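First comes the structure, then the notes that go with it.
The values are calculated or read from the model by the stated rules, or taken from the named source; none is laboratory data. Keep in mind the model is a prediction, meaning the values are calculated, not measured. Neighbour counts are summed over all protein chains in view; Cβ atoms, including those assigned to glycine, are modelled from backbone coordinates with ideal geometry. Remember, those area values only see protein heavy atoms, side chains included, never the ligands or the DNA or RNA. Shrake-Rupley method; radii C 1.70, N 1.55, O 1.52, S 1.80 Å.
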Amino acid sequence: MARPLRKRKLDGTPYFRREKVESEIQALAGISAAELERRADLWQVGDPGYVSPEALLYFVRNAASGAHREKLTEKLLLRVARRVPSVTNADGKTVSMTRMNIREAVGDHFVDLLLSDRSHYDDRLDYYEVNFNSAVAADRRDANDRHWKQENRTTEIETEDGEISAQVESAIGDYNPFDAEELDKKDYRLFLDEAIDSLPEFQRRIVVMWRQDIPIESNDPSVKSISKVLGKSEKTVRTHRDKAFASLKLRLERKGKK
Amino acid sequence: MGMQPQITADDVLRAFAMDFEQEHGVLQRYLAQYPEHSSALIDLSAELTREFDDDVPPSAAEFDLVAAGMVRLRENTATLKSLQVAPAKAFADAIKVLSLPMQVGLAFRERRIEVATLPRRVLTKMAEALQTSNETLLSYLALPPEAPLARARKSAVKPIAPEKVPFERVLQDAGVDEQSISNLLDGE
């Protein structure tokens, strides 16, 4: 069995690798170092020899220092780099300094963890063996939080209970940016994420919660509603959701995705 | 009531990230349980659903990030201070590159080796494995020898001050065979 994880959940029970990863590690343990390096180099998930980042991390953490570990580490860092958004602004021409900082912060954090893990087992790396992409997503959030704050991004001034114009209302109709059929298309999802990023913070949070089926309003005190979480009236939330949907629709139409 | 271990914002967010794909309604549950972290949880939820295009080949920018990371990993050489606080395991693991028993690694850690008797090649290999420079390892080994705390406590008799011994003696005490010892010492 592969070396067990030490990180514990909030309830005190240990984290485990997914079954799939465990058996992948078992299988990979039987191949040569050179073959492992070759396969770690494959970057397409669908490739038959593709090594999951979780398994790759396991081998990086458990390899003796030397050329083999170096090579595997390089491939692993590429997996992190693949999970940090591009630094190009929406215009496709200019580069955002903040995005660049976020990129570096995510990369640096991972290197810090590797270094710390080398000097003494660092159980924070265990998260990445459970779900690598989710762990990197958490790093992106950390970096976003720090760097966007530094840039002091101005958010659109929120109009309290601003009436939504009849024009906007008719433009939205029954438009739903999370239409299941559209969401099946990868390109659509890529553009949708970009469009959501560009929304003012308040609207962005409404949309993110809406996407996770959080109700706008609820009479059940145990159920968290968007209105309760954001501390705004149901009407304000609805107005801003509609505004957000109208912006998303417009942006996606411009990209020819709707 | 027992003491509740301190749960940090980071603990909550990482746990949320790990639970996210597993079940429906995870955000709802975490918002109800940890209202103090709601903004961070919502923002993390957005990151967890972010799409990446895995079909395009790695870009130059991605390779740049990798290169920068590799430089940092290679340059992070252990300092004299970090060697002093390094766990015994670091030395036990390092000695494996020389295929020597763990006791020899511990002799390095406890600085029980006479530096003058240490073959250059062994020093270099060990420094590499400990991710430090030859100079730093030499400075470390030059510090007074030290008996590990645990061993001193277990001892029934008053422990005598540890002393530095020739490398050959360390190898003999660890049970390394004569042939291997002479290979190591003459392999200069």
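If residue A:32 meets every condition in (1) open to solvent by less than 70 Å² (accessible area, probe 1.4 Å); (2) within 13 Å of chain B (Cβ to nearest Cβ); (3) among the polar types (S, T, N, Q) apart from one, which number is that one? For residue A:32, the exception is condition (2). In summary, residue A:93 fulfils each of the numbered conditions (1) part of a helix (DSSP H, G or I); (2) open to solvent by 60 Å² or more (accessible area, probe 1.4 Å) with the single exception of condition (1). Of everything in region A:75-90, what is open to solvent by 50 Å² or more (accessible area, probe 1.4 Å) and small (Gly, Ala, Ser)? Give them in sequence order. Selection gives A:86, A:90. Residues in region A:222-236 that are more than 15 Å from residue B:41 (Cα to Cα) and in a helix (DSSP H, G or I): A:227, A:234, A:235, A:236.
In region B:105-135, the qualifying residues are those that are over 25 Å from residue A:70 (Cβ atoms) and in contact with a Leu (Cβ under 7 Å, 6 or more places away or on another chain), and the one that is nearest to the other protein chains (Cβ to nearest Cβ) is B:111. In region A:98-133, of all residues being open to solvent by 50 Å² or more (accessible area, probe 1.4 Å) and not charged (D, E, K, R), the one that is nearest to residue B:20 (Cα to Cα) corresponds to A:133. Selection of first residues in region A:238-258 that are under 14 Å from residue A:188 (Cα atoms) and of second residues that are surrounded by fewer than 20 Cβ atoms within 10 Å (Cβ to Cβ) and of a type in the set (Asp, Glu), restricted to Cβ pairs under 9 Å at least 6 apart or on distinct chains, gives the following pairs, ordered by first then second residue: A:251/A:194; A:252/A:182; A:255/A:187; A:255/A:194; A:257/A:182; A:257/A:187; A:258/A:182. Considering B:90, B:61, which residue is within 11 Å of chain A (Cβ to nearest Cβ), outside any loop (DSSP other than H, G, I, E, B), of a type in the set (Gly, Ala, Ser) and in contact (Cβ under 8 Å) with a residue 40 or more places away in the chain? Only one candidate qualifies: B:90.
Looking across region A:119-144 at every residue that is more than 7 Å from every other protein chain (Cβ to nearest Cβ), charged (D, E, K, R) and assigned to a helix (DSSP H, G or I), the one that is nearest to residue A:19 (Cα to Cα) is identified as A:129.
May I ask you to verify whether residue B:7 is open to solvent by 40 Å² or more (accessible area, probe 1.4 Å) and either among the hydroxyl-bearing types (Ser, Thr, Tyr) or within 25 Å of residue A:144 (Cβ to Cβ) (or both)? Yes, satisfied. Please indicate, with yes or no, whether at least one residue in region B:24-34 is more than 7 Å from chain A (Cβ to nearest Cβ), surrounded by 14 or more Cβ atoms within 10 Å (Cβ to Cβ) and not in a helix (DSSP H, G or I). Yes, region B:24-34 contains a residue that is more than 7 Å from chain A (Cβ to nearest Cβ), surrounded by 14 or more Cβ atoms within 10 Å (Cβ to Cβ) and not in a helix (DSSP H, G or I).
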